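S.K.: Provided herewith is a single structure, encoded as structure tokens, for subsequent inquiry.
The values are calculated or read from the model by the stated rules, or taken from the named source; none is laboratory data. All of these numbers come straight from a predicted model, not from anything done at the bench. Here Cβ is always computed from backbone atoms with ideal geometry, including for glycine, and neighbour counts include all displayed protein chains. Calculation scope for accessible area: heavy atoms of the full protein, side chains included, ligands and nucleic acids excluded. Shrake-Rupley method; radii C 1.70, N 1.55, O 1.52, S 1.80 Å.
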Amino acid sequence: MSDLDIAVRIETQPMSEEPRSAGRSRYLSADFLFHKAAVFAAIVVAGALFATVIAITYDSWTSIQTFGVWRFLASSEWNPVTQTFGAFPFIVGTLVSSAISMILAVPISFGIAVFIAEVAPTWIKRPIAGAIELLAAIPSIVYGLWGLLVFAPAFAMVEPWINDHIGSIPGIGVLFQGPPMGIGMLTAGIVLAIMVLPYTSSIMRDVFLIVPSSLRESAYAMGATTWEVAWNVVLPYTRSAVIGGVFLGLGRALGETMAVTFVIGNSNTLSPSLLMPSATIPSVLANEFTEATTKLYLSSLIYLGLILIAVTLVVRFLAVLLIRRLGRREGAVA
Amino acid sequence: MKGVLARRRIVDVASKILMGLATAVGVFFLFWILWTTLRFGIAGMHWDLFTKDTPPPGTDGFGLRNAFVGSLSLLMVSVLIGVPIGLMGGTWLAEYGFHSRTANAVRFINDIMLSAPSIEIGLFAYAILVAPMGHFSAIAGSVALAVLMIPIIVRTTDEMLGLVGGDMREAAIALGAPNWIVITKVTWKAARAGILTGVLIGLARITGETAPLLFTALNNQFFSTNLFRPIANIPVVIFQFALSPYANWQQMAWAAAFITVLFVLVLSLVARWFLGKVQVPK
């Protein structure tokens, strides 16, 4: 939208607002209604975010009053029989599974993005970019189904090896000891990583492609290798958007429900081992929501949802802000 | 000097190999998931899937008719709710809001909603519809799906209308057309391929959504088209059947997953084809 367009619009508007002839006023009321409908829709779009937070806070109020904030966050007791609820194991589960997924997905996404933007020959770029984007189109329930019935049994065969080799390292070994069940925290983290990949890598690729070619070419002209251009020129230039892309992926991972519910094993007790079953906030919501019989139980589950919203809102806010920062400088957002 | 050069060369080659490997990992998982869905899904294809309803637990039999009908009704109602709001919201941004402070704030909020975890939207629909009504209902599910769909449509509509050149608008204004005629008859028409792409992408996004439906439409073992009652739907059926011990239920879950993936992939391909038709003005 150029300034000229706006100028034309502003100049022509008063004319159409003058109710002179009958034929014109019929259009005028339609014009008025159309404008108001658009305004209304925009209010709905923007209001949805606030409505979500307000409605979910309202529904979790019973639990907030009963347990307060700190007690709910710090307690690891989740017992529907005694009606005591604490969020700690689920918060840990959510953070750890997302952390595993980011540790795996960020370097791989970076690799894919650089490969598509800098390394791959032109004829292979489009099919590969398309294939990675197809990963994002697959519904999360299908990831869950595949994770539970195909990936977990396959992973269970790798786990004894992990036990023997990584589990015996002093210090971090305790993280990798456990029964080879195939499901658990690590499996959830890996499946999440696959789901996050297309989001992070496509943001990175898009911003890598808007790096001015003069910058890139001058580095190549100085004799820099592809890796040096990617690491020392392209990455610093796009840093904020790359971090934004990582946050976008993190937001996905934190809130992902179905895939995690299938493969995490759904255990409410904390375990130091990543091979043991665990639970996340979304997974416990998906599992127990329809079973919640008392008002306090239901309200506590929704309270968990409120915590998740608070965390993901911050992450998503940062993601959008960081991605836009580069877009503003370049005048075109990816 | 020679050592430095050799080291730089080695780092470069090693990094290229690692990047190629990273890409291979991504593509490998895509094909693994698609291949298993295809293999198990084709094995579960049976005419009964489309003509019979879901069988009771522990009995033989095949059928997903109620779930297919339920899912299609949910999607249809979501489109009816989501498309008008998304389209008008995007139109407001591009045609009335421009780059004003308010419009940019709305765009920012919309971008945040774009990446909202679906489970949160499910809880929202539960809070505003299921809790007051006192029972799960299809309409609550459709509202949740519509809320997930709207930000996608808003964003594409806004961007696509922004691509329409000023000369067409000016020509229409010069002929004396009021704003809404200019928008509906000129800019929408010029941007229709792009807007349609947004609708299709939105539809693809909500097709397999499960989490919000667990809190809203839930499931129904029987055939129903009543929007104010729980309704059977494919995603929740996959969830319940996959975790069941019955072999025929698991097979149905794969068949349902296969059809869902096929539907989503076709939608994405059609969307991409439409996007190719969008003319970008110089």
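S.K.: Is at least one residue of the range A:165-174 free of Cβ contacts under 8 Å to residues at least 12 places away in the same chain, part of a helix (DSSP H, G or I), within 24 Å of B:V264 (Cα to Cα) and open to solvent by 30 Å² or more (accessible area, probe 1.4 Å)?
M.R.: no
S.K.: Return yes when A:A41 is open to solvent by less than 20 Å² (accessible area, probe 1.4 Å), under 29 Å from A:A259 (Cα atoms) and free of Cβ contacts under 8 Å to residues at least 40 places away in the same chain and no when it is not.
M.R.: Criteria not met by A:A41.
S.K.: While we're here: Give, as residue ranges, the helices (runs of 4 or more DSSP H) completely inside the range A:220-315 that count at least 1 residues that are touching a Pro at 6+ places or on another chain (Cβ under 9 Å).
M.R.: Counting at least 1 such residues, we get A:239-255, A:258-263, A:281-288.
S.K.: Quick check, is B:G82 buried (at least 22 other Cβ atoms within 10 Å of the Cβ), more than 7 Å from chain A (Cβ to nearest Cβ) and within 17 Å of B:A211 (Cβ to Cβ)?
M.R.: No.
To keep it simple, each residue is scored yes or no on (1) within 13 Å of chain A (Cβ to nearest Cβ); (2) open to solvent by 70 Å² or more (accessible area, probe 1.4 Å); (3) touching a His at 6+ places or on another chain (Cβ under 7 Å).
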site: B:R9; (1), (2), (3): yes, yes, no
site: B:I17; (1), (2), (3): yes, yes, no
site: B:V25; (1), (2), (3): yes, no, no
site: B:I42; (1), (2), (3): no, yes, no
site: B:T59; (1), (2), (3): no, no, no
site: B:G63; (1), (2), (3): no, no, no
site: B:G86; (1), (2), (3): yes, no, no
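S.K.: Looking only at residues in the range B:170-185 that are open to solvent by 20 Å² or more (accessible area, probe 1.4 Å) and among the β-branched types (V, I, T), which one is farthest from B:G70 (Cα to Cα)?
M.R.: Among them, the one singled out is B:I173.
Yes or no, residue by residue, for (1) within 13 Å of another protein chain (Cβ to nearest Cβ); (2) surrounded by fewer than 17 Cβ atoms within 10 Å (Cβ to Cβ); (3) among the aromatic types (F, W, Y):
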site: B:A6; (1), (2), (3): yes, yes, no
site: B:G20; (1), (2), (3): yes, yes, no
site: B:R39; (1), (2), (3): yes, yes, no
site: B:H46; (1), (2), (3): no, yes, no
site: B:L49; (1), (2), (3): no, no, no
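S.K.: Okay, next question. Which count do you get for residues in the range A:66-117 that are in a helix (DSSP H, G or I) and either out of contact with any Ser or Thr (no Cβ under 9 Å at 6 or more places or on another chain) or not small (G, A, S) (or both)? Can you show your working first?
M.R.: First, pick out the residues of the range A:66-117 that are in a helix (DSSP H, G or I): A:66-67, A:70-74, A:88-117.
If we keep only those that are either out of contact with any Ser or Thr (no Cβ under 9 Å at 6 or more places or on another chain) or not small (G, A, S) (or both) as well, we get A:66-67, A:70-74, A:88-92, A:94-96, A:99-104, A:106-108, A:110, A:112, A:114-117.
Matching residues across the range A:66-117 total 30.
S.K.: Of all residues in the range A:50-69, which are without any contact (Cβ under 8 Å) to a residue 40 or more places away in the chain and within 18 Å of B:A105 (Cα to Cα)?
M.R.: Hits for the range A:50-69 are A:F50, A:A51.
S.K.: Would you pick out the residues in the range B:88-140 that are in contact (Cβ under 8 Å) with a residue 40 or more places away in the chain, over 28 Å from A:G245 (Cα atoms) and at the interface with another protein chain (Cβ under 8 Å from one of its Cβ atoms)?
M.R.: Within the range B:88-140, B:E95, B:Y126 meet the criteria.
For every residue, the table says whether it meets (1) open to solvent by 10 Å² or more (accessible area, probe 1.4 Å); (2) in contact with a strand residue (DSSP E or B) (Cβ under 6 Å, 6 or more places away or on another chain); (3) at pLDDT below 90; (4) not polar (S, T, N, Q).
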| residue | (1), (2), (3), (4) |
| --- | --- |
| A:L197 | no, no, no, yes |
| A:F208 | no, no, no, yes |
| A:T225 | yes, no, no, no |
| A:W231 | yes, no, no, yes |
| A:A241 | no, no, no, yes |
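S.K.: Sticking with this one: Out of the range A:253-272, which residues are within 12 Å of chain B (Cβ to nearest Cβ) and without any contact (Cβ under 8 Å) to a residue 60 or more places away in the chain?
M.R.: Across the range A:253-272, the qualifying residues are A:G255, A:N266.
S.K.: List the pairs whose first member sits in the range A:198-211 and is touching a residue at least 60 places away in the same chain (Cβ under 8 Å), whose second member is in a helix (DSSP H, G or I) and among the aromatic types (F, W, Y), and whose Cβ atoms are under 8 Å apart, counting only residues at least 6 apart or on separate chains?
M.R.: As it stands, the answer is A:S201/A:F110; A:M204/A:F110, since those pairs meet every condition given.
S.K.: What's the total number of residues in the range A:50-67 that are within 14 Å of B:M113 (Cβ to Cβ) and either open to solvent by 20 Å² or more (accessible area, probe 1.4 Å) or more than 7 Å from chain B (Cβ to nearest Cβ) (or both)?
M.R.: In the first step, residues of the range A:50-67 are kept if they are within 14 Å of B:M113 (Cβ to Cβ); the result is A:50-53.
The next check asks that each one be either open to solvent by 20 Å² or more (accessible area, probe 1.4 Å) or more than 7 Å from chain B (Cβ to nearest Cβ) (or both); those that pass are A:50-51, A:53.
The number of residues fulfilling the criteria is 3.
S.K.: Let me confirm something: among A:M181, A:M185, which residue is buried (at least 24 other Cβ atoms within 10 Å of the Cβ), farther than 21 Å from A:I132 by Cα, more than 13 Å from every other protein chain (Cβ to nearest Cβ) and hydrophobic (A, V, I, L, M, F, W, C)?
M.R.: The match here is A:M185.
S.K.: Of the residues B:A146, B:A131, which single one is surrounded by 20 or more Cβ atoms within 10 Å (Cβ to Cβ), under 29 Å from A:V314 (Cβ atoms) and of a type outside the set (F, W, Y)?
M.R.: On the way: B:A131 fails: surrounded by 20 or more Cβ atoms within 10 Å (Cβ to Cβ).
That would be B:A146, the only listed residue that is surrounded by 20 or more Cβ atoms within 10 Å (Cβ to Cβ), under 29 Å from A:V314 (Cβ atoms) and of a type outside the set (F, W, Y).
S.K.: Also, quick follow-up: Starting from residues that are among the β-branched types (V, I, T) and open to solvent by 10 Å² or more (accessible area, probe 1.4 Å), keep the ones in the range A:243-274 and report whichever is farthest from B:L213 (Cα to Cα).
M.R.: Looking at the filtered set, the residue picked out is A:I243.
S.K.: From the list A:I128, A:I162, pick out the single residue that is surrounded by fewer than 24 Cβ atoms within 10 Å (Cβ to Cβ), at pLDDT below 95 and within 12 Å of chain B (Cβ to nearest Cβ). Before the answer, list the steps.
M.R.: Details: A:I162 fails: within 12 Å of chain B (Cβ to nearest Cβ).
Only one candidate passes the filter, namely A:I128.
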